[in-house]
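Below: the structure, in structure tokens.
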Amino acid sequence: MRKKGVLVFLIVMAILLVSSNFSESQSDYVETWVPYRPSSEQVDLEFWMGNQTAYINITITFPTAGYDISSWGEVTKDGYILWANSEIWHWTGMCAQVITPVSHTYELGYLESGNYTFTFKAWGIDIKSIDFTVARAGVIDLAEQHDVAVIDVTTSKAGGVPMPTVSKWHIANVTVTVENQGGFAETFNVTAFANSSAIGEQQVTLNPGENKTLTFIWDTTGFSYGNYTVKAVADTVPGETDTIDNTYIDGVIKVVIPGDVDGNGRVNILDAIKVAGAFGSKQGDGNWNPNADINGDGVVNILDAINLAGHFGETV
């Protein structure tokens with residue numbers, strides 16, 4: 001434990017020595033997370049059906065980048081009333097002053113015909129509700145349907161706080177899971193996007209009921225600083241009518257200056273401390289911080305510290 005503490009201290013000091021722009025006033029800065037409940041105006045809810053399953057899409061628009069959702073909550077059902085209770089946090093420290101939308105999809109499962117109400121909660125308080133109707137005309141024989149879907153999208157920066165970041169001129173992995181939910185073998189293309197810019201495209205062939213996970217490498221060299229919504233789209237196959245689940249939105253990731261670990265638009269001592277605290281870690285470790293993996297190689301090491309030091313004091 002003592003050796004680790006010494007190592008952390010040395011890393012922080014090394015970063016400080018290569019920078020001439022260190023401000024002593026920043027060393028006294030105190031940051032913390034506090035519970036947060038958004039207003040109903042910040043929340044958009046959308047109901048949709050796919051492959052006989054009901055879903056609610058939610059988008060929360062935050063006024064800055066200084067917010068984090070530690071838990072979206074599990075869907076609870078009581079008759080025709082459904083709800084999910086989330087845990088949302090607000091960062092009291094410095095953060096990028098940019099409007100930040102964050103999206104999520106709740107799977108409600110198979111619902112019988114009827115009128116329903118879904119309520120989104122934060123810390124046990126009702127935030128916003130949506131009424132919707134499920135009307136089932138009969139059972140669809142999936143063996144006679146053409147239907148492909150994107151069922152999951154995530155990035156190697158997932159879990160970064162206060163929001164996931166990827167350093168410009170470096171990479172992040174985008175992992176996409178697709179599934180054949182119909183009754184025929186299908187060959188189709190899958191494209192990963194950052195906003196409207198394609199990250200990459202892959203072709204996949206799936207038998208009925210089969211799924212596959214694809215990995216796309218997002219090289220941010222040609223991307224401007226700012227927020228990007230990461231999503232994946234599966235091409236519509238011939239004869240497919242259920243196309244709403246061909247698109248899956250993961251959420252927002254921010255392209256930042258290399259070393260801007262907290263995404264607040266500047267590289268400073270606070271970022272150096274975060275890199276030092278995650279030094280030597282990889283995914284799965286207790287001190288792992290994906291934002292501190294500046295070069296995207298899957299481990300926080302001296303290369304990341306050098307990257308940060310080289311941009312220390314820069315702002316956007």
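The values are calculated or read from the model by the stated rules, or taken from the named source; none is laboratory data. Not measured: the values here are computed from a predicted model. Please note: Cβ atoms are built from the backbone with ideal geometry, for glycine as well, and neighbour counts cover all protein chains shown.
Take the conditions within 24 Å of Gly66 (Cα to Cα), without any contact (Cβ under 8 Å) to a residue 12 or more places away in the chain and out of contact with any helix residue (DSSP H, G or I) (no Cβ under 6 Å at 6 or more places or on another chain) and apply them to Gly263. Does it pass? No.
Can you go through Glu186, Glu210, Glu240 and tell me which one is among the charged types (D, E, K, R), surrounded by 21 or more Cβ atoms within 10 Å (Cβ to Cβ), more than 23 Å from the chain's Cα centre (by Cα) and farther than 28 Å from Phe62 by Cα?
Just a single option satisfies the conditions, and that option is Glu186.
Just to be sure before I move on: is Ala194 at pLDDT 95 or above, within 22 Å of Asn51 (Cβ to Cβ), crowded, with 21+ Cβ neighbours inside 10 Å and not hydroxyl-bearing (Ser, Thr, Tyr) in the structure I sent? It is false that Ala194 is at pLDDT 95 or above, within 22 Å of Asn51 (Cβ to Cβ), crowded, with 21+ Cβ neighbours inside 10 Å and not hydroxyl-bearing (Ser, Thr, Tyr). Strands (runs of 3 or more DSSP E) fully within the stretch 55-151 that include at least 3 residues being modelled with pLDDT of 95 or more: 81-91, 114-122, 125-134. Among the conditions (1) without any contact (Cβ under 8 Å) to a residue 40 or more places away in the chain; (2) in contact with an Asp or Glu (Cβ under 6 Å, 6 or more places away or on another chain), the only one that Gln181 does not satisfy is (1).
Identification of strands (runs of 3 or more DSSP E) wholly contained in the stretch 164-224 with 2 or more residues that are of a type in the set (A, V, I, L, M) yields 171-180, 186-194, 197-206, 211-219.
Do we have Met94 as assigned by TED's automatic domain parsing to the domain that holds Thr187, closer than 30 Å to Lys282 by Cα and in contact (Cβ under 8 Å) with a residue 60 or more places away in the chain here? No: the conditions fail for Met94.
Can you confirm whether the stretch 245-256 contains a residue that is assigned to a helix (DSSP H, G or I), at negative phi and not assigned by TED's automatic domain parsing to the domain that holds Ser103? Taking every residue of the stretch 245-256 in turn, at least one turns out to be assigned to a helix (DSSP H, G or I), at negative phi and not assigned by TED's automatic domain parsing to the domain that holds Ser103. Against the definition (in contact with an Asp or Glu (Cβ under 8 Å, 6 or more places away or on another chain), farther than 21 Å from Tyr67 by Cα and either part of a strand (DSSP E or B) or assigned by TED's automatic domain parsing to the domain that holds Val174 (or both)), how does Asn291 come out, yes or no? So Asn291 does not fit the description; no. Against the list (1) farther than 30 Å from Glu201 by Cβ; (2) within 21 Å of the chain's Cα centre (by Cα), the condition Lys157 fails is (1). Within the set Ala172, Ala232, the sole residue that is in contact with a Lys or Arg (Cβ under 6 Å, 6 or more places away or on another chain) and buried (at least 19 other Cβ atoms within 10 Å of the Cβ) turns out to be Ala172. Just one of the numbered conditions (1) over 30 Å from Asn301 (Cβ atoms); (2) at pLDDT 95 or above; (3) charged (D, E, K, R) is not true of Glu240: (2).
When Gly114 is tested against the conditions (1) over 29 Å from Gly66 (Cα atoms); (2) under 21 Å from the mean Cα position of the chain (by Cα), the lone failure is (2). Taken over the stretch 159-184, the criterion of being at pLDDT 95 or above and over 16 Å from Thr247 (Cα atoms) is satisfied by Thr165, Val166, Ser167, Lys168, Trp169, His170, Ile171, Ala172, Asn173. Going by the structure shown, is Ser156 touching a residue at least 40 places away in the same chain (Cβ under 8 Å) and either out of contact with any helix residue (DSSP H, G or I) (no Cβ under 9 Å at 6 or more places or on another chain) or under 21 Å from Ser103 (Cα atoms) (or both)? Yes.
Restricting attention to the stretch 259-316, the residues that are buried (at least 22 other Cβ atoms within 10 Å of the Cβ) and under 19 Å from the mean Cα position of the chain (by Cα) add up to 10.
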